[in-house]
1. May I ask for the equivalent-ellipsoid semi-axes of the range 406-484, computed as the square root of five times each C-alpha gyration tensor eigenvalue and listed largest first in whole Å?
2. Given a Förster distance of 41 Å, report the FRET efficiency between GLN619 and SER241 from their Cβ-Cβ distance, rounded to the nearest 0.05.
3. Note the full-extension length gain between SER914 and ASN387 as 0.36 nm times their separation in residues minus their Cα-Cα distance, in nm to one decimal.
4. If I model a spin label as a point 7 Å beyond the Cα along the Cα-Cβ vector, how far apart are those points for ALA225 and PHE779 in nm?
5. Tell me which residues come under 5 Å, amide H to amide H, from MET517 once H is placed; ignore anything under 5 positions away on its chain.
6. Quick one: Kirkwood hydrodynamic radius for the chain, alpha-carbon pairs, angstrom, one decimal?
7. Taking only DSSP H segments of four or more residues, each worth -39500 (n - 2.57), what value at 222 nm results for the chain once the sum is divided by all its residues, to the nearest 500 deg cm²/dmol?
8. For the range 223-375, what Kirkwood radius comes out of the mean inverse Cα-Cα distance, in Å?
Amino acid sequence: MASKFRYRLLFAWLFILLARSWECYSQEPVFTHYNERNGLSHNTITALYQDETGFIWVGTAEGLNRFDGNAFRVYRQVAGDSSSLSNSYIRCIFPDNEGSFWVGTQSGLNHYDPVRDCFTRHLNPDPTLREAKNYILGGTVDQKGRVWYGTYDGLYRLDTGTGKLDHWGEDHTAPEGINSNAVWEVLQDRHGNIWVGTSNGLCVAADAGQPEFFKYFPDAGQDGALRSTRVFDLMENSDGSIWLATRDGLASVSGRPEDLRFEHYFSTNSSQAGPSVNFIWRLAPSANGGLLLATYEGGMDEVSFAEGKPGAHFAHHRHNEKQPASLASDEVNCVLTDRNGMWWIGTAAGLDFRDPANTRFQLLRNYPEDPLSLRKSHVQALHIDRNGDLWVGTRGAGLQRLPAEKLATGEYEFESFPHNPADPHSLSHNDVFNISEDSHGYLWVSTYDGVNYLPLPLEGPPRFQRFTTADGLAHKYVNQVLQRQNGDYWIATYGRMNLLRFHPAQPGNMELAEYNMDLERDDALVNATTHSVTEDRFGQLWIGTFNGISKLLSEAGAGTFENYLHQPEVANSLSNNYVSQVFCDSKGRLWAATNSGLDFLEQTSASAPVSFHHFGMAQGFPGEAVQSIVEDKAGRLWLSTSGGLVCFDPEVALAGGDAVLAVFDYRDGLQGNLFSERAAVLHPQSGQLFFGGAKGLNIFRPDSLWQNPFAPKVVFTGFHLFNEAVLPGTGEENPLDSAITRLRHITLNHRQNVFGFSFAALSYSQPEKNRYAYRMMGFDERWHHLGHENAVSFTNLSPGDYRLEVKAANSAGLWNEVPAALDITILPPPWLTWWAMLLYGLAMAGALYGFYRSRLARRIRMVEQQARLEQARLEEREALRRQNAADFHDELGHRLTKVSLYLELAERQKENESLFSAYLQKIKKQTAGLSAGIRDLIWTLDPESDNLFDCAVRLQEFGESLFDGTETAFSCAGLSDRHRSVTLAPNQRKHLLLLFKEAMNNALKYAGASQCRLSLSTEEELLTVSLSDNGVGFDPAAQASGYGLGNMKARAEKIGGKLNIDSRPGRGTTISLRMQMPRMG
């Protein structure tokens, strides 16, 4: 009986050790889920494929989806569109030999055209059993490009060049017959053999041209025979081995086609020796040479083979309702390993993704069946002591220690030191909030019920000494103990702060001081709930509290503090009053973890003012609050936030750069996105970092986290005009002549001036962390970083040629320096094209020539006109000279004749004194008249007196002289300076002058007037010169030729004017000359 008990106990321990070695301390697999909420067309995934570009194609029960890491593009059957899928229920996807692929549906086979982004349908036209013939279950393309596909009506081979369709049906006796009409999958191996999986075993043909099939039916009783009826999938692994997914387990095949042997792997009680269940739908190769199995209601299995060892190891990945990051469903329909070794799992509840290399964060937690694991998963405090031991404080399970040697080897066997009410030297409480170490080699453990201290190194069972409220501690809830450089201990509690002076080895010699908040004092402790305490490079003490930060100025009395609070109106104040930790880095700089992010406390000296610089979600933090700060050996700060871990470069941050180097969350293997406050520590020798939270303890090496070595390929995925998506061949003026993924050049007209592109980095490991940058060559040569934004838009670019380049970085920050490029030509409007410019040039040349000809003609006309004018002036001067000569001759001759006559008569009457005197008077008069006439002639020829003003002034002077000494008063009206601008030709001056002189002489001789008035007026283009008197008047009709009226009218006509005579007997006389306003000749 005792022997049986020992065996049972031994078996139990072996089981625990086996479980711990494989499960407890291995990284829990983390799956990323995609479903209809993410844009997937249907949650039932039926087929998976990666094309040559790198897109992931996902077949579902309702459409085909193309995934680029950002979004799903859905293809469905569209009524009336023969270029769409023949049916939306996808059964299989397999590649052709030309860079594209075939899609099998429940109703027909379809070939995808990546250039036109559409499909060509291939339907079996035979009306008999039409549904079965077109229900495509699986397929392959052979080395000659012929398409082999399985249906419920047997095996078909399509020659796409000729359209010939060959068929093989069920016939167990004929060499060309196959095992069953239900053909699930077809494979051609590297030797050219055709493998056919059916509902009744396996067929293999060595000749793909005229195949004769070797048939293998299930035979459970024969060694090395096939054991299953249904062969659902066939796969050739990288080593050339052939594997079968069957209804009854996994099978490998060896031997020649005519003599095959089968090795089977069945589900067994030993979870690692076989698949989780025997019903296996699909197979896929894994990156390490193993296999991935899609099972029905058994999840996904990962099969690995140890080099040089027989058998296989099966790791099972199942759905677990308690783990959101586990497999979405145990009903797995298909699996795929992409080119970067990532896993894609198609389930009945959506598409799952996993990066198998994502085991960078090791997770330790409580396993109830393992007494050496953490006693509780909720970790609240961490410390590495001077001996290299890891100390872990939990919530509810007290203190645990992992010796340095076990930590180094990864043997996570913890020693536990819980609270024991019966032992006064046990830990005072099982809730531990902080662990620290002093200069004397003592470990200090802060708990919910006081402080415990323990000498190190630990020798035998620990004997804790306690310091509680009974000893004068301000509050039993202790958050931290800090030993200053001067040896004093500062204890941060939930209510008040304690200063403790003593040596742990001499607990009796103790001095205790207490500091509390005081609302009446501005220099008291800012808040009684103290979280964290640290000492800066100047030896100053800083205290982070529930409501602000205090800096100790003096310990005397109640203490003097300088306090810092959040002030919304002050830009460089504390970002938030809740401060979980104040941290001093290796360069002596202070940082504060607050509920609004990370603050840098800038201080140049101990007495200098403090300025706060804030970093948070605006700089890329995944969560607002920061709980813990720890520095790694490279000087980077690691922050636990409310949204995950942040790797932060303080040097870059203080230089104004992008300081967030990486962000990690539960999908990377963290215990969760939220960690405990101040539960982080660095191992100074190994460089490992430890972070604790409610679901366990994460351990990692910072430099091992950047393990995504695949620089992402960038592809253009969308084109938008005026914020509307454009597809090839849709809409008017469509610039896309092929799919945007294949486009290398695009031409836009001048109206298409608001456009944009979307793009994707085909790196699927946390694609939301991919980053993008672009530049538009020809517009701006600089790279513009978009962060995680995967689209860019442009407006109103000038006509010309451009080149858009886009590059991307993966989740680890690795940039692909070979950007995706697209040449863009923006056409000018018709009025700015080259031919329009040519027309403009010709038109301008014509206009210039016309203008030249016009100017030349005008110049010629001006010269001719000037010549005519000069000729006219010459002729006018000649006519005037002749007229003046004639007038002068007549006047001079007339008067000289009279003078001669009067002289002769005077000589005869010289004896008669009275007659002699009378003739002398007449001679004198004629001489004076001759002199005046000569003066008038000379005046009319003077160019300086060629204006109306001078002419009127001369008439005025003549009138004043004429009527001087007479009974007639003479006046002149209307004369002004504006008349200086009215130019008169010499003949106009002459006739105007003589006309009105004669009128004045007539008025003096005949009118008997008391008043005579000369007036000038201008109205628009008319000039009126008038002479009026109030004399006796006369009848113009009776005196038509008297008083020299005819002569005056003739003079008026000669200068283009009209003379009007208004007179009545007894009413005076007005003589008016009206003529066009003279202008410059």
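Every number in this text was worked out from the coordinates using simple rules, so none of it is lab data. As the structure is a computational prediction, the values presented were derived from the model and not from experiment. Counting neighbours? That spans all protein chains shown, and the Cβs are built from the backbone with ideal geometry, glycine included.
1. On the way: eigenvalues 99, 47, 30 Å².
Gyration-tensor ellipsoid for the range 406-484: 22, 15, 12 Å.
2. Details: r = 52 Å, r/R0 = 1.26.
Taking R0 as 41 Å, the efficiency between GLN619 and SER241 is 0.20.
3. Details: separation 527, 0.36 × 527 = 189.72 nm, distance 16.80 nm.
That pair, SER914 and ASN387, stretches by 172.9 nm at full extension.
4. Placing both labels 7 Å along Cα→Cβ, they lie 7.2 nm apart.
5. Those qualifying (amide H under 5 Å, at least 5 residues apart or on another chain) are ALA528.
6. Values: mean 1/r = 0.0247 Å⁻¹.
In the chain this quantity evaluates to 40.5 Å.
7. On the way: 9 runs with 178 residues, N = 1081.
Counting only the DSSP helices, I get -5500 deg cm²/dmol.
8. Numbers: mean 1/r = 0.0606 Å⁻¹.
The Cα-based Kirkwood calculation yields 16.5 Å.
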